[in-house]
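The values are calculated or read from the model by the stated rules, or taken from the named source; none is laboratory data. Just so it is clear, the structure is predicted and the values come from calculations on it, not from any experiment. Ideal geometry is used to build each Cβ from the backbone, glycine not excepted, and the neighbour counts take in all protein chains shown.
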Amino acid sequence: MAKMYSKRLTAYKAVGYKIKPGDVNENVGDEIFSGDNYFKELLIDIEQSKKVIIISAPFIQKRKFESIKAILFRKHNEGIRVVVC
């Protein structure tokens, strides 16, 4: 699994993406987040969504999902399409 992840990062870097350094408050565009620095930016993205939220993850920790579940339900109730796969 780690080998596949490493290959994926190499492929992303080859097309111009870069790993996002520690502070995620800057403008986000073509960054790759690690398991340590993605969550704050994810919450911001969810809150700013207007039409669709798609979360695609090979696995998600139950604790992390529980912390965003209420936000996702609220956004769904606001008429925003929410997909978690």
Those residues that are among the aliphatic types (A, V, I, L, M) and either exposed (fewer than 13 other Cβ atoms within 10 Å of the Cβ) or not in a loop (DSSP other than H, G, I, E, B) (or both), I need them from the range 70-85; list them, please. ALA70, ILE71, LEU72, VAL82, VAL83, VAL84
Selection status of ILE80, modelled with pLDDT of 75 or more and in contact with a Ser or Thr (Cβ under 7 Å, 6 or more places away or on another chain): yes
Take the conditions among the β-branched types (Val, Ile, Thr) and at pLDDT 75 or above and apply them to ILE32. Does it pass? no
Answer yes if at least one residue in the range 46-69 is aromatic (Phe, Trp, Tyr), part of a loop (DSSP other than H, G, I, E, B), free of Cβ contacts under 8 Å to residues at least 24 places away in the same chain and not assigned by TED's automatic domain parsing to the domain that holds TYR5, and no otherwise. yes
Considering only the range 31-45, state which residues are touching a residue at least 24 places away in the same chain (Cβ under 8 Å) and over 12 Å from LEU72 (Cα atoms). PHE39
Count - residues of the range 52-64 that are over 12 Å from the mean Cα position of the chain (by Cα) and surrounded by 10 or more Cβ atoms within 10 Å (Cβ to Cβ): 2
